[in-house]
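In what follows, a single structure is set out as structure tokens and then discussed.
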Amino acid sequence: MRYVFFIFLLYSVVSVWAQVDVFLGLTAQNDFLNYRGHGTDRYYTGGHQVALLFYKAPAKFTHHQISVTQQLYTPDNLQDTALRFFDYPYAGLLFTSYQIQHRPLSSKTRMSFSSTCGYSGRRSGARQAQQFLHRAIGDEIPLGWDHIVENGFFAQFKFLLGQPLLTSSKATLLGAQSIEVGTLFQRVRWGLTFILGSTEMSLGSFAFYSNGKIPSAKISLAVFATPTFTRIFKNHLLQWPKYRRSDEQRVMSEQMAGLEFGLQLRVKKTHVHFVQYLQQREFQQASPHAFGEVGVVLPLFYKIQ
């Protein structure tokens, strides 16, 4: 009987996998990959993510994504060991996220919800990650990580709403809004995405996926541009409670505009993308900043069509 149980369990697992497309996503962000052609190692200096994407259609929730992300933030001068209240602080985040996407059958509206939990501070491993990378490439070693922002454990929740405004066989105009609340950030964002070409995977910071099947063509290319606007209510990386004196407070930007643009290339079922992020200064003592993103999405399991 025990063999019958294991055979039944194996059959159940295979049956579930046979109905779901599974992809592996690898993403790296760095301020060296920006339109200026050189890195600055300041503000948001980089990050990386590993994600599993599950797609099932038709289903109430078509996309599920589980990811692990590390992000690194540094001030303007990596050799300065003093605590500078009017510069960007040393900060590191390590977190895991779960995202689901739903599209009502009677509407083209896309809805997505994600929950995130992680750690902000020394346990994020940001110091070790950046110093290891700088030693590997022979760059200067950051010396101010003793002043890392310690927010501890945090939780975030985000709701995304996307509405196609204009669609054709070659182009899409998509309006998007996100609402994010949590112990680190509270903000609302709006974006207007123009996509030229065909894409099934998400592009930029508004992570919406297409519910359609991958086209039969072996190669496809899509380019996009998204102007964004953000209303910021709280940012505990910059408004760390340790800064209590009024003369140590950064003058925060409550509204911030940005621009995202890039391209995505699909070869069979593999997707490669490159994205540029340009944003205004986050507080008055800072400067505008830019960083880039490269990523690849690989099929792990794809059911027979």
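A few notes on this one:
- Listed residue (199, 285, 147) projecting farthest to the positive dipole end of the range 23-298, Cβ model: 199
- Potential lengthening of the chain between residue 274 and residue 217 amounts to 18.4 nm, from the contour at 0.36 nm per residue minus the alpha-carbon distance.
- Choice from 269, 218, 56 showing the highest fluctuation, given a GNM over the chain with Cα pairs closer than 10 Å: 218
- Residue-averaged [θ]222 nm for the chain, counting only DSSP H segments that reach four residues, each worth -39500 (n - 2.57): -3000 deg cm²/dmol
- For residue 232, net neighbour charge (Lys/Arg +1, Asp/Glu -1) across residues whose Cβ lies under 14 Å away: +3
- Mean silhouette area of the range 74-226, derived from the convex hull of its C-alpha atoms and averaged over all directions, reads 12.1 nm².
- Translational diffusion of the chain, estimated by Stokes-Einstein from the Kirkwood radius over alpha carbon pairs at 37 °C in a medium of 0.692 mPa s, is 157 µm² per second.
- In percent, rounded to a whole number, the relative contact order of the range 23-298 is 17, using alpha-carbon pairs under 8 Å and six or more apart.
- Lysine pair number, Cα distance threshold 25 Å (strictly under), the range 23-298, separation 8 or more or different chains: 25
- Relative to the current alpha-carbon distance between residue 117 and residue 68, full extension at 0.36 nm per residue lengthens the span by 16.6 nm.
- Axis angle, to the nearest 10 degrees, between helix 126-137 and the longest C-alpha principal axis of the chain: 90 degrees.
- Additional length obtainable on full extension of the chain from residue 166 to residue 60, 0.36 nm per residue less Cα span: 35.7 nm
- Against the chain, whose longest principal axis is taken from its Cα atoms, helix 2-17 shows a tilt of about 70°.
- Debye, to nearest 20: dipole size of the range 23-298, +1 on Lys, Arg Cβ, -1 on Asp, Glu Cβ: 1180
The numbers here are math on the coordinates, done by the rules we state, and not lab data. What you see is a predicted model; the values in this text were computed from it and never measured. Note that we place each Cβ from the backbone using ideal geometry, even for glycine, and neighbour counts take in every protein chain shown.
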